[in-house]
1. Volume per residue, Å³, of the convex hull around the alpha-carbon atoms of the chain?
2. When you count, for each residue, the other Cβ atoms within 10 Å and take the mean per peptide, how do 191-200, 93-102, 262-271, 33-42 rank with the highest first?
3. Taking segment 207-290, which GluC sites (Glu not before Pro) meet the DSSP loop condition and have no more than 16 other C-beta atoms within 10 Å?
4. Of all the accessible heavy-atom surface of the chain, with the other protein chains kept in place and a 1.4 Å probe, what percent is carbon and sulfur?
5. Going by alpha carbons, how many degrees (0 to 90, nearest 10) lie between the helix axis of 118-131 and the longest principal axis of the chain?
6. Helix 145-155 versus the longest principal axis of the chain: what angle, 0 to 90°, nearest 10, using Cα atoms?
7. Solvent-accessible area per residue for the chain at a 1.4 Å probe radius, Å²?
8. Hey, got the dipole for the chain? About the Cα centre, +1 on K and R Cβ, -1 on D and E Cβ, debye to the nearest 20?
Amino acid sequence: RSYDAIADIGMYDCERFSNDSGPEHEISVINEQKIISPGPTYDALALAGLRINANKEWSSFSQFSAYIKQGIKVLMLVDNNDNSTKYSSNLFPEIAYHLLTNSQDGAGKLIGPDAVDRTAMTKAAEFCKNNGFFFDGVITEAQNLREFIYEHANTCLLDFTVLGGRFSLKSVVPNNGSISEVHGSNAEIKISGLFTDGNIKNLKTSFLHPEEKELFKAVVLYREEKLNGFPATKTLRRQIVGTNDSAPEEVFDLSNWCCSETQARIFAQYALKVREVVDHRIVFETAANFAVRLEPGSYIKFVSTTSHTDRFSN
């Protein structure tokens, strides 16, 4: 007001005012509101909110846990009629395809769809869906993409391959079939090539070390989910008939993403069977016309009359 200063003049010398030694009021906080145009967008963020009313029993709040039912939306490979449907998936081939082709969440700028075999990825996704192999995990930190896919593909009975310069996933099960069909007596394996002493040269054979052939007891850790609750880590143990009681244990920790006891059991049986039947490797050279039909994951037959000498025969 115009006469505020006059109010601070006393009529008597003994009068003292509250603002003689300092201001009566001070501005400590200013709230500013602005109209932003255009408004902000949050398309690439996951938002979580927590509302806490006044409560005297809470003195601190240091941790926050949430049960996430759906992840980021990826391109649907199985039963995708319009080639554009996206949804939250727990099929590892669909997640791998997204990481290899998407520019926002993956390495799409470096790799892209042209460097990935979508047909093979679709077959791998169908294989995982038919056999109940799922990936219910979280990628929490940056890591090498090829190592990540290779490691998790193996636990889903898939091979991570590069064919014709394009990345793909392929089932280790013959003909991309189901696990139950492989166990049957009439399981048919497609042979892509026959190699003998007549069409190879420079044959080299390397036998595994005894410790690499020793049977073991498989211990698989997997996760048991509780809706809107905390999961529990379960342990599954498997061994092949004839394994010694003193055989070592090998632990496979799948608890970060595996929520199925069936999947954990199948993986344990596969790991045990590979140890039982694989005892040596061979390397040889052949002409290009004999390898026309071969690709990563193909099955071949090899017949040779070459004998491997040991210390008991010469």
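The values are calculated or read from the model by the stated rules, or taken from the named source; none is laboratory data. Not measured: the values here are computed from a predicted model. FYI the Cβ positions are ideal-geometry reconstructions off the backbone, even for glycines, and counts take in every protein chain you see. The protein model used for the area step is the full one, side chains on, heavy atoms only, and it has no ligands, DNA or RNA in it. Shrake-Rupley method; radii C 1.70, N 1.55, O 1.52, S 1.80 Å.
1. Convex hull of Cα atoms, per residue: 321 Å³.
2. Result, highest mean first: 93-102, 262-271, 191-200, 33-42.
3. 214, 225
4. 49 percent
5. Once rounded, one gets 90 degrees.
6. The two axes meet at around 60 degrees.
7. Computed with neighbouring chains in place, this is 74 Å² per residue.
8. In total the dipole reaches around 1600 debye.
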